[in-house]
1. Are there any pairs, at least 6 apart or on different chains, whose C-beta atoms fall under 7 Å, with the first in region D:116-133 and over 16 Å from residue D:166 (Cα atoms) and the second outside any helix (DSSP H, G or I) and of a type in the set (Lys, Arg), and if so, which?
2. Which members of region D:199-217 meet the condition of being without any contact (Cβ under 8 Å) to a residue 24 or more places away in the chain and aromatic (Phe, Trp, Tyr)?
3. For residues in region A:241-284 being at the interface with chain B (Cβ under 9 Å from one of its Cβ atoms) and more than 19 Å from the chain's Cα centre (by Cα), which is nearest to residue B:235 (Cα to Cα)?
4. Go through C:258, C:266, C:254 for me and flag whichever is in contact with an Asp or Glu (Cβ under 6 Å, 6 or more places away or on another chain) and not in a loop (DSSP other than H, G, I, E, B).
5. Say we look at region C:256-281 and pick out the residues that are under 21 Å from residue C:38 (Cα atoms) and among the acidic types (Asp, Glu); which of these is surrounded by the fewest Cβ atoms within 10 Å (Cβ to Cβ)?
6. Which numbered condition trips up residue D:223, out of (1) of a type in the set (Val, Ile, Thr); (2) open to solvent by less than 10 Å² (accessible area, probe 1.4 Å); (3) over 27 Å from residue A:261 (Cβ atoms)?
7. Take residue A:196 and decide whether it is in contact (Cβ under 8 Å) with a residue 24 or more places away in the chain and open to solvent by 10 Å² or more (accessible area, probe 1.4 Å).
8. Kindly provide the set of residues from region A:241-255 that are in contact (Cβ under 8 Å) with a residue 60 or more places away in the chain and open to solvent by less than 20 Å² (accessible area, probe 1.4 Å), ordered by number.
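The values are calculated or read from the model by the stated rules, or taken from the named source; none is laboratory data. What you see is a predicted model, and the numbers here were worked out from it, not measured in a lab. FYI the Cβ positions are ideal-geometry reconstructions off the backbone, even for glycines, and counts take in every protein chain you see. For the accessible areas, the whole protein counts, side chains as well, though only heavy atoms, and no ligand, DNA or RNA atoms are used. Shrake-Rupley method; radii C 1.70, N 1.55, O 1.52, S 1.80 Å.
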Protein chains: 4
Amino acid sequence: MRNTARLLIACPDTRGIVAAVAGFIAEHGGNLLDADQHTDKDHGEFFMRAAIERPGFGLTPDTFASAWEPVARRFRMDWRIFWGEPVKRMAVVVSRQLHCLSDLLWRWRSGELDVDIPLIVSNHPDAAGLARDAGVPFECCPVSPQNKPAQEGRVLGLLADAKVDYVVLARYMQILSGDFIARYPNAIINIHHSFLPAFAGGSPYQQAYDRGVKMIGATSHYVTERLDAGPIIAQEAVPTSHRDTVEDLIRKGRDLERIVLARAVRLHIDDKILVSQNKTVVFD
Amino acid sequence: MRNTARLLIACPDTRGIVAAVAGFIAEHGGNLLDADQHTDKDHGEFFMRAAIERPGFGLTPDTFASAWEPVARRFRMDWRIFWGEPVKRMAVVVSRQLHCLSDLLWRWRSGELDVDIPLIVSNHPDAAGLARDAGVPFECCPVSPQNKPAQEGRVLGLLADAKVDYVVLARYMQILSGDFIARYPNAIINIHHSFLPAFAGGSPYQQAYDRGVKMIGATSHYVTERLDAGPIIAQEAVPTSHRDTVEDLIRKGRDLERIVLARAVRLHIDDKILVSQNKTVVFD
Amino acid sequence: MRNTARLLIACPDTRGIVAAVAGFIAEHGGNLLDADQHTDKDHGEFFMRAAIERPGFGLTPDTFASAWEPVARRFRMDWRIFWGEPVKRMAVVVSRQLHCLSDLLWRWRSGELDVDIPLIVSNHPDAAGLARDAGVPFECCPVSPQNKPAQEGRVLGLLADAKVDYVVLARYMQILSGDFIARYPNAIINIHHSFLPAFAGGSPYQQAYDRGVKMIGATSHYVTERLDAGPIIAQEAVPTSHRDTVEDLIRKGRDLERIVLARAVRLHIDDKILVSQNKTVVFD
Amino acid sequence: MRNTARLLIACPDTRGIVAAVAGFIAEHGGNLLDADQHTDKDHGEFFMRAAIERPGFGLTPDTFASAWEPVARRFRMDWRIFWGEPVKRMAVVVSRQLHCLSDLLWRWRSGELDVDIPLIVSNHPDAAGLARDAGVPFECCPVSPQNKPAQEGRVLGLLADAKVDYVVLARYMQILSGDFIARYPNAIINIHHSFLPAFAGGSPYQQAYDRGVKMIGATSHYVTERLDAGPIIAQEAVPTSHRDTVEDLIRKGRDLERIVLARAVRLHIDDKILVSQNKTVVFD
């Protein structure tokens, strides 16, 4: 994906958008590798993702915006473009459950996730070993009811210093403040260990056990101010039975969480997610 | 299953229960085809289902209880036995969505569900044709805010006259009163068109669409007084995407509902479900 | 979908195809509802499906070809267009297992499948009742080793008389001749009751049972001369266990077969399938 | 599971087996935690797994056999008992693909797999780092067409020295000789990266890609002399599409392989698998 530019567009739905976008790209010598679109008929909104092969494309990060502006203006587009390189910078924030972090690091080291990971942050020291093995700087920022705002400030400072583009909460058991979230709009990916909107909040496996459900799930979503209510990126579920204890649910859930979070991270890296009206359009 | 007796047991957990049950059956010449058990450690409760081949078994519906009583008393068992024949009598209650009814009737006519269906009831006339094609008596009992108690009384009368053992709500869009439910404890099977506890109540597909979930589900459960909160028997889920309209969710959901409801009915027919603490133990 | 024209394109991969297609449509006042494309890099082949809203589109079945020809010629396109109306004409061919036929008829009658079904053919009389209930002409064409070519000729005659566009083998347990298949290229949809390529040929559930697999599947595919080896349209699988007898696998498989076949039929109706190199591109 | 004894039984099917087994356990003060059974009607064979709480059970590894012998003889039982402690000793054998090894080690270190891992063997040096991080002895035994028997001898020697109870082939891309396999009957677990019996042999993802399947799978099985044809323990499958390259299938498959192999290992550790007639009975 490194030599692929990704152009993301949202605009009012009308005729001729695809023709205009594809025409513009062709005009500048670009090879359109992929072009997904979606129309939200409820809100009359049009979404598009165009993947353009960079070799041969006559525009660059420096020249694109001015060439593109007339098209964007004509269709009143909300748009962004990502150039594939440099790759995104991702921070991982965890508490004491490390299976998601471990999994992300493994995928990253084996080349499956094409990102930089300049920082791992935790409110506990447990992840230090994993971070060291992976050669990623680790910062422990303990949190308590007393120091919460200060701790968040410190974490935000670390994220800023590491110049991260987005943040993955790989089982971070703290609720972020609105101010924190506002700094990374649609750029904080959380994994919630339930099939949202069922079992939002704390101890979802215990809740699932108490309710006696026959499947459990996991949900990755962008974090918004409303707890566990942000735009859902990916979900998955597996069967359970009366034989499963809470511990069994936790164990089964770990596999779900790893897979669902990795899928969301991968989609985010490839710029395949657009957000609108608290929902995602996922061009996979 | 017709020549198989099913003995269902719930009692305080202790040593020697399986030995006592299996010993009793062997003593009376019974061949134990299947013996599932489960211990709920939270509540110290033991559950067992024993399937006994009737040919060769020295006990009958007339003689079983008195022979069995000493064992039952010793372990303070709550128990029931089903003899396979005559088969259960099932009523189906529907509103205007007929895919679940149609599916149940198909499975019944093709021999997949070994029950009698002496009655189909609806608050609308739409199901009359399906009932007639299947040769099942159909009763239309229209309901309105005004006549609700009277209508329920009429339905209960029809169920009693038809001597049904249990009731399947195959998309009946009415809330039953506590009195109605109390007449068929753990014997009213509902299909709810969501992955409960998510999207309880009305219009779950619309709710799912509005929330932007990436999977939808269906849930069959026994009906209790608390709406959509009874013991869950079976659940299933399928992926969805931003491309799915509410109509697409409804269409995908129909396939889920049919399969999940049929599974629950089948388990109920085979006496594979025990209920305790608002959860099911499903010996499948 | 009735007022939607679907343009299917396959051509050598090069730059500017999407721009040319979308430009052409925009030029003629067409609203592009959907435009999926795919590049098969192994063979340098490009595939596209464009869905065009008919209201407002300046071209008609009579005028499209001549206007479109220059674009098609420029990119050496293999193309077809479907206008949504009149709807496709589908024949269903069965033997004695009727669950797939019954399911297709139900979906059709409830409006889920927007087709005409002018003919049901079987080598056995069993489906006559279902056909009659649905108001579809039924023809019984018994087959024996002796009359096989003559029987195929008769079936082909019935299909021709009924002017069907495609044929669904909804569990037809006969092998069609090459001549028969050649009359409906990529227009005969079969359901095979296994997870192909595992268990091709006869008695796949018995084969699955004998092998002791832990999942069974179903596969819908276009029929080609090589038995059970045509382009796969859809597949699905469900878990099994050592407890499942062959009869259990057959029962579980029925649900799979119905769903997988219905999915394939639906994709075919909506012109969402392109075939190349014995594989399908499914724009879903 | 450490203070749980697991008694595995296979014998000709007859009446009274469960009563005799449960009676024997009760007689010796044992608490029967779980008792699964299965009858293979095709071969008239009965299988049972009894899990007995060790505290309170009057028999020990030293005294069990002589007390039990009369029961075993009466029913002509093939039986084994595992006492939970000491835990099993597992060797992992790999080639260059390390995702399964990494996953097993992670599960082991996090306490999910209650085994000892005294040895990792590979025909390549790549796994040395992972082994070292996990504190497990690693041996590199390169293999070539010339040294194959000698290499196998060396590996067998290492396994013997490490006193392993069973061997996990976590993507070992070599075919073992019949002599090797005979040393560990039903004690070598392989992960094959396809939905067996489809795509046995080499390059299954390439085969799946070439065939154009719409799902891929993974299969864990015990290794027997017939390549990829041993008793299947677990299988799982996920959807694919025409968009998936071979590399995408490999990536998706990695997640499947990890989960399916871990499930098989877990079942093996808990003595939940019986093998008969080249099939498994899995008491899960």
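1. D:124/D:96; D:126/D:96
2. Result: D:199, single match.
3. My answer is A:241.
4. C:258
5. Here the residue is C:270.
6. So residue D:223 meets the others, but not (2).
7. Taking the combined requirement at face value, the residue does not satisfy it.
8. Selection gives A:253 alone.
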